[in-house]
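Taking it in order: structure first as structure tokens, then the write-up.
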Protein chains: 2
Amino acid sequence: MIDLLSNIKIQVNPKLYVKDPETSALGKKIIQNSILLIDEIGFEEFTFKKLGEKISSNESSIYRYFENKHKLLVYLSSWYWAWIEYRLVFSTTNIENKLEKLKKAITIVTENIEDDYSTAHVNEAVLNKIIIEEFTKTLHNKHVDKENKEGFFLIYKQVNYRIEKMIEEVNPEYPFAKSLVSSIIEGSLHQHFLKNHLKTITNCNSEINPTSFYLHLVENLLKK
Amino acid sequence: MIDLLSNIKIQVNPKLYVKDPETSALGKKIIQNSILLIDEIGFEEFTFKKLGEKISSNESSIYRYFENKHKLLVYLSSWYWAWIEYRLVFSTTNIENKLEKLKKAITIVTENIEDDYSTAHVNEAVLNKIIIEEFTKTLHNKHVDKENKEGFFLIYKQVNYRIEKMIEEVNPEYPFAKSLVSSIIEGSLHQHFLKNHLKTITNCNSEINPTSFYLHLVENLLKK
DNA sequence: ATAATATTGATAGTAATACTATTACTTTTG
DNA sequence: CAAAAGTAATAGTATTACTATCAATATTAT
């Protein structure tokens, strides 16, 4: 995967940034270190001033790349889902068996992520951690409808859509394909979160992972 | 239900408030109007100053009831889950059939809420709306572990636990009872959210509700 | 090589937030 | 009716989330 991905630029909605961070060294530093800093102190405590200090740059310089920290988080999330989509498409093409294909897809969206070193300035493992902790905040605010109209969540919805189609291939009679997919994708993040913080209301732990739970669920649910 | 509930005081963790809002007229006004104001402008825009203006009272007076707006939100959430738990216990006792009992429980935690007028200062329908939009924020922050230790989420976890036991009664062999429950409870809020904001990735709408989706799921999943 | 242009850094400034502290006024209660 | 408790008003602080300006430094174009 390393060689392949290193030639592919993950595309996100240009409305998310003022200046494309992929086009400069400072921009990449912003991406790389915002991931680390959000992981470290949490999104609420994260400020452009602190990020500026971390990268020995200036608050005002960061504002030249992102309007505010919310858009930066949506940018990081979009990047994450685009990366997931790429891996999803890549690893499910050429799987003949419909159920196996679906199972592979579910594995991709629910498994624990390790840094794959394919992109120098993005640590995918840490990005996955902040997605688990913070992704919900990109949606849960008073601007969702406006931002949805502007296409901020297109990639996320597209990942949902791709798996929905796979479910329909496995069992066209199943009546809740969309809800099943969205509940798996979001629910998997939630199970990872519970595993880390509220252990008593999940079966997931170091041995059992959300992937097992959802694979078992889907196989039993779509059986004809 | 009206007469019954009006005699029952919903108990929440006293660490959540400085002074119990149930003990004064101003306290009740704070609860009632914080629900309305959070629904109106969203939790991020919500401040004690604005709430003070709304109830013709002073910012500093509100600080005498709640340390900060986060604790107020956790208070409202606890109240909500305690109310759900009450309804859960009340409406499932004396149901002999294990599956019917479980289905009733799932209905309680997933259905759309209408104001039941049992508590004068809490509009349950609006509270349900803010739980759908904002509950995730009570968990997703850097204080979860500390607050979990302090027991802030006990009632929520207890609701999970009660339904987990019901699943075990229906099918003791099912290996992911905890994860199934937590994914239903949280997932149902998410489906309601999607129905309101990202309609393309859910089957739920004015006709199909999250309850149907989850009842169908559980029945098929726990079949022996 | 140098002039033009773009990028970045430093500083200052503003309005709002999230509080704390003090004091005075008003209600409740013993 | 006096003491205590509760509430309102005001002021003040540190931080946040920006915007604006200008100087310094790179980059690129000729």
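The values are calculated or read from the model by the stated rules, or taken from the named source; none is laboratory data. Since the structure is predicted, the reported quantities are computational estimates derived from the model, not experimental observations. As a convention, Cβ positions derive from the backbone with ideal geometry for all residues, glycine included, and neighbour counts pool all protein chains shown. To get the accessible areas, we keep the full protein, side chains included, count just its heavy atoms, and leave off ligands, DNA and RNA. Shrake-Rupley method; radii C 1.70, N 1.55, O 1.52, S 1.80 Å.
For B:THR211, the criteria (1) more than 10 Å from chain A (Cβ to nearest Cβ); (2) modelled with pLDDT under 95 hold in every case but one, which is (2).
Looking only at segment A:175-193, decide whether some residue is charged (D, E, K, R) and more than 9 Å from chain B (Cβ to nearest Cβ).
no
A count restricted to segment A:23-68 and to residues that are more than 9 Å from DNA strand D (Cβ to nearest atom), within 14 Å of chain B (Cβ to nearest Cβ) and out of contact with any helix residue (DSSP H, G or I) (no Cβ under 6 Å at 6 or more places or on another chain) stands at 3.
The residues of segment A:111-161 that are of a type in the set (D, E, K, R), more than 7 Å from chain B (Cβ to nearest Cβ) and in a loop (DSSP other than H, G, I, E, B), listed by number, are A:GLU111, A:GLU114, A:ASP115, A:ASP116, A:GLU150. Only one of the numbered conditions (1) within 14 Å of chain A (Cβ to nearest Cβ); (2) more than 14 Å from DNA strand C (Cβ to nearest atom); (3) of a type in the set (Lys, Arg) is violated by B:LYS103, and that is (1).
Taken over segment B:165-200, the criterion of being in a helix (DSSP H, G or I), over 25 Å from B:ALA125 (Cβ atoms) and open to solvent by less than 30 Å² (accessible area, probe 1.4 Å) is satisfied by B:MET166, B:ILE167, B:VAL170, B:ALA177, B:SER179, B:LEU180.
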